[in-house]
Structure formats: structure tokens, C-alpha cells
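Structure record follows, encoded as C-alpha cells.
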Amino acid sequence: MTDNKDNRYSGGLDRAIFREWLEKLQQESWQLELIISGFVLYGIYNSKGIITDLHNYNLEGASNIFLSALETLVTIGWRIFFINLLLHVILRSLWIGAIGLRYVSGEIDYDEFNYSEYFTKYLRRRVGDYDDFIEKLEKICSVLFSYTFLLFLFFVSALAFGVFSLLPIIILKSLGFDVEEGVIYFLIWFVPYVFGGAIVFIDFVTLGGIKRIKDRTVSKMYMPLYWFYSHITLSFLYRPLIYNFIDDKYTRRLFFFSFPYIIVIANFTKIYSNEKTPFIPDYSSLREQGLIVNPYFYDDLYSIQLDAYEDDERSDNKTLGHLRLSQYKVSEPYVQLFVKYNRRYENVMEDRYGVMPIYKSGWKFTLFSDIGKERDSILFALKDSFKINERIVYEEYKMFRDSAKTVKDDEILKGELELKRDSLKGLRKKLTSKRKKALSEYELKKEKRILDLMKEQVSIRVDNVNYDDSLTCYFSVHHLQGHEGLIYNIPVSNLAVGEHNIEIDLVRNYIKEKDSLVTSKYILPILKVN
């Protein structure tokens, strides 16, 4: 087995057959390119909603460095693949069309045009041979397909480099160290890390400028640095693709084009904009002043808009912002306000009010454990206080139970022991029942407190009149989008027929260091019809 393996890679017969197979596969690869490009384009086109969902998930407060990096990777990767593969399909289709035309028309016959000698020479020089044109298209298409994946891998490496630069400070924060100033972190880790990365990047963009230095000492000093950053950026996984790409003059030019191309793709939405309504103020300004009626904030108007979409469009537009009123045209005594669950409000609950969550946040493995409830110190202390008494009673119960088993001749004593045993057994059941009741009451009280505190994330005024005291609030699931959150019932029966403004101050986050709340303001007009 070892001999055969060595023979395969020593230039023998197996190697020659393998090369011949690769040459044949290379000539037929255009079919695979088109199939893969088509499938990927279709998948990319239909995955736009996933990017929106991930963005909204991060926006709601679940964001951390890793989720933000994932969102950036998916967003920029989406643009790279969509633009490049769409261009690849267009050019490859042109290539197929050019081959089909060659079958009918053959080569370009410049003499057939009967042009002047001047233009004939010009066209022969500038347009050239038709087969050369097909060959150029073939080369562009083949390179563009691999170039797309290389671009994506370059961006993965850049993102991995950025994420890893922040990893130590994330670890220190999770361990409870105070690194808010960041001076120690900056000096000890960040500066050397970026400096070393800059050296490797210079070597990278100069196509191995440092590797060309013949001094053995320089090579030995640079090798650990090269090895470290190649693993940090994951470039060791696609290194053969890089070196095969830059060893040719034609593809080398595309390599240098990669860096400005990625920068433009990553900042495309910041570089270009298309203002279609120059006289309409900024959307957030309109919302805060109550000068816009947007169906996005009203269930009745949104439902009408949603019904206008086709089935596939409807699934892509099932989005919900931070809050939404049930009606714009109000004909009932109450109007309902749905507020979507805000992950950042957890900071208010834990840091400001000291309320522990009911369940552990995030993913958890619960197959062989409990349902993932959070460790509440008060709850566990309450549980332990009951279990101490239960354990004492249980020990006494076991003692009388075992004693009753050993007594055989004295029936009176045995009866007394069994009576005491049964009494302790009943007492233990009462203690267990009392413990469960106390724990249940604590959990219900905690749930009610959570609801009361979450109710306070919203302050509501109607026509400048405060309605906070007259609100009722419940946990709810939105009937259109299925998001979890809270629903507030706002009494409007006393309002006169006509236009009114519902002013909403929504707490979005809590800054512990400053003990301050971050709020968003909404003024949503309503129309009372009867």
C-alpha cells in the first residue's frame, strides 16, 4: 500500500493518468460551473430574508461580537457571490452563444465586408481572430468562477483577524476583569497583534516580499509569525488556491484588484445612495414628531398592505418593528399596543432591578437535564431551607422504619414504632407539599414582578395626557408575525371623534456605568371614527 502511494506522487504512470484526467475534466468544467452558479444564484436570491432576520435579531439586542461578525460575513458574502456569479452566468452564456455562432458562421471573414484597407487592417488588429475571442471569454469565465470563492475566503480571513483581535478583552470581561479603559489590553495585546499582522499583510500584498529575502535568520524569525497569522486567518486552508492564482501574470492582476473590490463591496451602501424624495424629512424625525402614518406601525393598515403581496412576497414581508398599534382607524373602546420582546431590556431587569431571568439564555443541551431554568439564588436558598427540614424528618423516618423491622417479639413496641414511622412519613409529605407551594408562590410572584417591570419599559401619553396608570399589560404573541412580547390595552373611549396622537417612550437599553436609560420616541397618529 505504501509503495503504491509513493508511486502515485513520484511522477509514475498513476500520476500521468491523473494529470490526463484533470486535463479532460478542466475542458468540461464549464458545465459544472454553470450548474453550480445557477443553483447558488437561486439559493442566494431566496436567502435575502435570512440576512434581514439576522440583522433584526442583532438589532433587538442579542448581538455580540460573534453574531455581528456572522451577520457581516453573510451580508458581504451574499454580495460577492451574487454579483460575481451573476456576471459569470452572463459571460458563460455569451461564451456558449459565441460557440454556437461559430458553428454556423465559422471564422470572421474580413474580406467579405469589402472595407477599405485602412479599416480592414484596424479591425484585424483590434478585433482579431474569432477563436481568440472565444478563448478570452473562456479564460475570463474560468478565472471568475474561482476568483469569486477566493474573494470570499479573503474576506473570511480579514474578518477572522478582526474578531481575534478582540477575543482577549472578551475573555477578560467574561472573567470579571475591569478592562473598560482598555489601556493595558491595548499595549499588551492589540498593538503587537496589529503590528505583526501588518508585517504579514505587507508580505502578502507584495506576493512574498519577505519570503524572497535569502537571509536564513530573517526566514527563521518570520516563519513563526507567518504560521501564527495563517492559522488565525484560516488562510492555510486555501493556500494552494492562492499560490496557484498568483503564479500567473493574468490572474495576478485580479489578485491586486481584490482589495479595492472587497472594500467597495463592503461599503457599497455607504458609498452610493439614491434619494427619491428630497423634500420629505428623515423618517426617524417624522416618526418622533408624529407627522407620518406608516402601515408598518398599524396592524389594520399592515394587513391590507400584506394582502396585496403574492404568496412568496408575503413571506418575505412578515416583519415587525419594535412596536405596533392594532388600529389606525379606531372604533372600539380600547386600542392595543404590541411591543416586541427586547433582549436589551434584560440589562434593565438584571442590572437595575436585580431580577434574575427564569430560563438560561441561548442554546443549551437539555436531553438529560432540566428544562434549562436559570439558577436563581433566592429560589435555591428557599428550596434548600425546606430540604434541610425534609432531610431531618426523613432520617428520623428511616430510623423508626428500620427499628420497626428489627422488633419481632414485642408487638406493642413494634406498633408504637410503626405509628411514629407513619407519622413522620405524613409529616414529610406535608413538608414536601409546603415546599412546592412556597416555590410555586415565589415563581408566580417573580413572574408577576417581571411583568410589572417590563410594563414600565413603555410610557404612553395620548394628546399629552399620561396614561401609564390606566394601562393593562399582558404577555402576548403577535397574531400576524408570531413574535413574543407584551400587549398594552390603551383606553380611548373618552376621546372625541377625530385625530389624536399616541406618544410612546420605549426603553431600549440600560447603561449601567451611567445608570441611565436609552429610550426611543414614537408619536403614532390615530383616527377615532365613533
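Some points to look at:
Condition check ((1) more than 23 Å from the chain's Cα centre (by Cα); (2) at pLDDT 80 or above) across all residues:
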position	(1), (2)
LYS270	no, no
PRO278	yes, no
ASP300	yes, yes
LEU306	yes, no
ASP311	yes, no
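- Within segment 322-333, restricting attention to residues that are surrounded by 14 or more Cβ atoms within 10 Å (Cβ to Cβ) and under 37 Å from the mean Cα position of the chain (by Cα), the residue that is farthest from SER493 (Cα to Cα) is HIS322.
- Within segment 460-472, the set of residues being in contact with a Phe, Trp or Tyr (Cβ under 6 Å, 6 or more places away or on another chain) and either over 21 Å from ASN501 (Cβ atoms) or outside any strand (DSSP E or B) (or both) comprises LEU471 only.
- Any helices (runs of 4 or more DSSP H) falling wholly within segment 242-306 and containing at least 2 residues that are polar (S, T, N, Q) and free of Cβ contacts under 8 Å to residues at least 12 places away in the same chain: 283-289
- Boolean, VAL194 is of a type outside the set (Phe, Trp, Tyr), part of a helix (DSSP H, G or I) and under 17 Å from ALA160 (Cβ atoms): yes
- Check on LEU101, under 19 Å from LEU34 (Cα atoms), surrounded by fewer than 17 Cβ atoms within 10 Å (Cβ to Cβ) and assigned by TED's automatic domain parsing to the domain that holds LEU150: no
- In the set (1) of a type outside the set (Asp, Glu); (2) surrounded by fewer than 16 Cβ atoms within 10 Å (Cβ to Cβ); (3) modelled with pLDDT under 90; (4) not in a loop (DSSP other than H, G, I, E, B), PHE475 fails one condition alone, (3).
- Any hit, segment 354-377, residues being at pLDDT below 80, part of a helix (DSSP H, G or I) and exposed (fewer than 14 other Cβ atoms within 10 Å of the Cβ): yes
- Note on segment 515-529: among residues that are surrounded by fewer than 16 Cβ atoms within 10 Å (Cβ to Cβ) and of a type outside the set (Gly, Ala, Ser), the one that is modelled with the lowest pLDDT is ASP515.
- Here GLY482 passes the criteria (1) under 25 Å from GLU346 (Cα atoms); (2) small (Gly, Ala, Ser); (3) out of contact with any Lys or Arg (no Cβ under 9 Å at 6 or more places or on another chain) except the one numbered (3).
- Unique match (being at pLDDT below 85 and among the hydrophobic types (A, V, I, L, M, F, W, C)) among ILE210, ILE202, ILE171: ILE171
- Qualifying position, being modelled with pLDDT under 90, over 18 Å from LEU325 (Cα atoms), touching a helix residue (DSSP H, G or I) at 6+ places or on another chain (Cβ under 6 Å) and loosely packed, with under 15 Cβ neighbours inside 10 Å, among LYS429, LYS512, LYS437: LYS512
- Condition met for LEU413 (over 30 Å from ASN342 (Cβ atoms) and at pLDDT 70 or above): yes
- Where helices (runs of 4 or more DSSP H) fall entirely within segment 1-102, those with at least 3 residues that are touching a helix residue (DSSP H, G or I) at 6+ places or on another chain (Cβ under 9 Å) and modelled with pLDDT of 70 or more are at 29-45, 48-57.
- Residue selection: PHE245 fails the criterion of being under 30 Å from the mean Cα position of the chain (by Cα) and surrounded by 13 or more Cβ atoms within 10 Å (Cβ to Cβ).
Quick grid of which residues meet (1) over 30 Å from HIS322 (Cα atoms); (2) of a type in the set (D, E, K, R):
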site	(1), (2)
ASP422	yes, yes
GLU441	yes, yes
LEU444	no, no
ARG449	no, yes
SER459	no, no
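The values are calculated or read from the model by the stated rules, or taken from the named source; none is laboratory data. Predicted model only: the values in this text are computed from it and were never measured. Heads up, the Cβs are rebuilt from the backbone with ideal geometry, glycines too, and the neighbour counts pull from every protein chain shown.
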